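*Asks:* Take this structure, written in structure tokens, and hold onto it; I'll ask about it next.
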Amino acid sequence: MKQTLILLHGALGSAQQFVALKERLAEDFDVHTLNFDGHGGKALEVEYSIEHFSHNLLDYLEEHEITTAHIFGYSMGGYVALNAALKKPEAIAKIITLGTKFDWTEEAAAKEVKMLNPEKVEEKVPVFAEKLKQEHAPQDWKLVMTKTAAMMLNMGKGARLMDEDFTRIQHEVKLGWASLDHMVSREETEKIANLLPHATVEVIEGAKHLLESVDLEVLVKFIKDF
């Protein structure tokens, strides 16, 4: 019987990011993907938060009668997986993250939010704006971006995992860091690895923060090896 693996998307993303990866991993795992509320066309009237998305994951496990699952979380998805592991440890097996940002001071959050101006994105990166429009239809991608920015600012103000929270996560964790990632530093990744009781860091050379910049076969091996 195959072990269950759930793939969690990042901020501004959706389960659509994982079509090719899911297909490749299906040979070895029972693979699931889900859209967090407010992403991939799903509505969400309230604010975005790591707390809410963690409940999305735990509710999905319950609805699909999955007693325990391995998690691969890209970017924000990795943060959600770690938070969910604190909430319901028995539901989560091993956790693999890639490109997950852990430095959420007010200064760091403000820096990230500067890049989340829908009007500027539409003007300067129209191809990306069109991609977001299609990925989140019928929801307004601009609202998705605005709510994501608000969530990040809230994380900077304290709605985040604290150092002592990481020390309580007893799961085996692999933190992946892409060597050309300009959003996430190796230092912040290694800091969290040192706080987690059972964590390792693996560097993926030549990749950027964007999931699409990681070679598919490299990503498959990165997940399967753990």
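*Asks:* In debye, nearest 20: dipole of the chain around its Cα centre with unit charges on the Cβ of K, R (+) and D, E (-)?
*Replies:* 220
*Asks:* I would also like to ask the following. Give me, ordered by chain and number, the residues 5 or more places off T4 or on other chains with an amide H under 5 Å from its own placed amide H.
*Replies:* The answer is D30, H70.
*Asks:* When only alpha-carbon atoms are used, what values of Rg and Dmax, in angstrom, describe region 1-132?
*Replies:* Computed over the Cα atoms of region 1-132, radius of gyration and Dmax are 15.6, 50 Å.
*Asks:* Based only on other Cβ atoms within 10 Å, what is the fewest-to-most ordering of K131, K124?
*Replies:* In order of increasing Cβ crowding within 10 Å: K124, K131.
*Asks:* Something else: Count the net charge of all other residues whose Cβ sits under 12 Å from the Cβ of H209, scoring Lys and Arg as +1 and Asp and Glu as -1.
*Replies:* Value of the local net charge: -1.
*Asks:* How large is ³J(HN,Hα) for each residue in region 39-54, as worked out from phi by the Karplus curve 6.51 cos²θ - 1.76 cosθ + 1.60 (θ = phi - 60°), to whole Hz, x for Gly and Pro?
*Replies:* Here the 3J(HN,Hα) series is 10, x, x, 7, 7, 7, 7, 8, 5, 6, 7, 4, 4, 5, 5, 5 Hz.
*Asks:* Which pairs, out of K191/K221; K42/K131; K42/K114; K94/K224; K22/K221; K42/K147, put more than 19 Å between their alpha-carbon atoms?
*Replies:* With Cα atoms farther than 19 Å apart: K191/K221; K42/K114.
*Asks:* Report the semi-axes of the equivalent ellipsoid for region 100-226 in whole Å, largest first, where each axis is √(5λ) for an eigenvalue λ of the Cα gyration tensor.
*Replies:* After scaling each eigenvalue by five and taking roots: 28, 20, 13 Å.
*Asks:* Would you please classify the overall shape of region 15-60 from the alpha carbon gyration tensor, given that a ≥ b ≥ c denote the square roots of the eigenvalues, rounded means a/c under 1.5, and beyond that prolate means a/b larger than b/c while oblate covers the rest?
*Replies:* In terms of gyration-tensor shape, prolate.
*Asks:* Something else now. Would you please give the FRET efficiency between Q170 and A20, computed as 1/(1 + (r/R0)^6) with r the Cβ-Cβ distance and R0 = 25 Å, to the nearest 0.05?
*Replies:* With R0 = 25 Å, the Cβ-Cβ based efficiency is 0.15.
*Asks:* Quick one: which residues, 5+ away or cross-chain, put their amide H under 5 Å from the amide H of A178? H built at 1.01 Å from N.
*Replies:* Sorted by chain and number, the residues that satisfy this are G99, I204.
*Asks:* What share of Cα pairs, in percent, lie more than 16 angstrom apart in region 69-129?
*Replies:* When all Cα pairs of region 69-129 are counted, 59 percent exceed 16 Å.
*Asks:* Kindly write out, for region 199-213 in residue order, the coupling ³J(HN,Hα) from the Karplus curve 6.51 cos²θ - 1.76 cosθ + 1.60 (θ = phi - 60°), rounded to whole Hz, with x marking Gly and Pro.
*Replies:* 10, 10, 10, 10, 8, 9, 5, x, 9, 9, 5, 4, 4, 5, 7
*Asks:* Could you work out, for the chain, what percent of all Cα-Cα pairs fall into each 5 Å distance bin, beginning at 0 Å and stopping at the bin that holds the largest distance?
*Replies:* Here the calculated profile for the chain is 1, 7, 15, 20, 22, 19, 12, 5, 1, 0.
*Asks:* So for region 181-226, Kirkwood radius off the Cα pairs, Stokes-Einstein at 37 °C and 0.692 mPa s: how many µm² s⁻¹?
*Replies:* Estimated via Stokes-Einstein, D reaches 278 µm²/s.
Since every read-out is calculated from the coordinates, none of them should be taken as a lab result. All values reported here derive from a predicted model rather than from experimental measurement. Backbone-built Cβ (ideal geometry, glycine too); neighbour counts: all protein chains shown.
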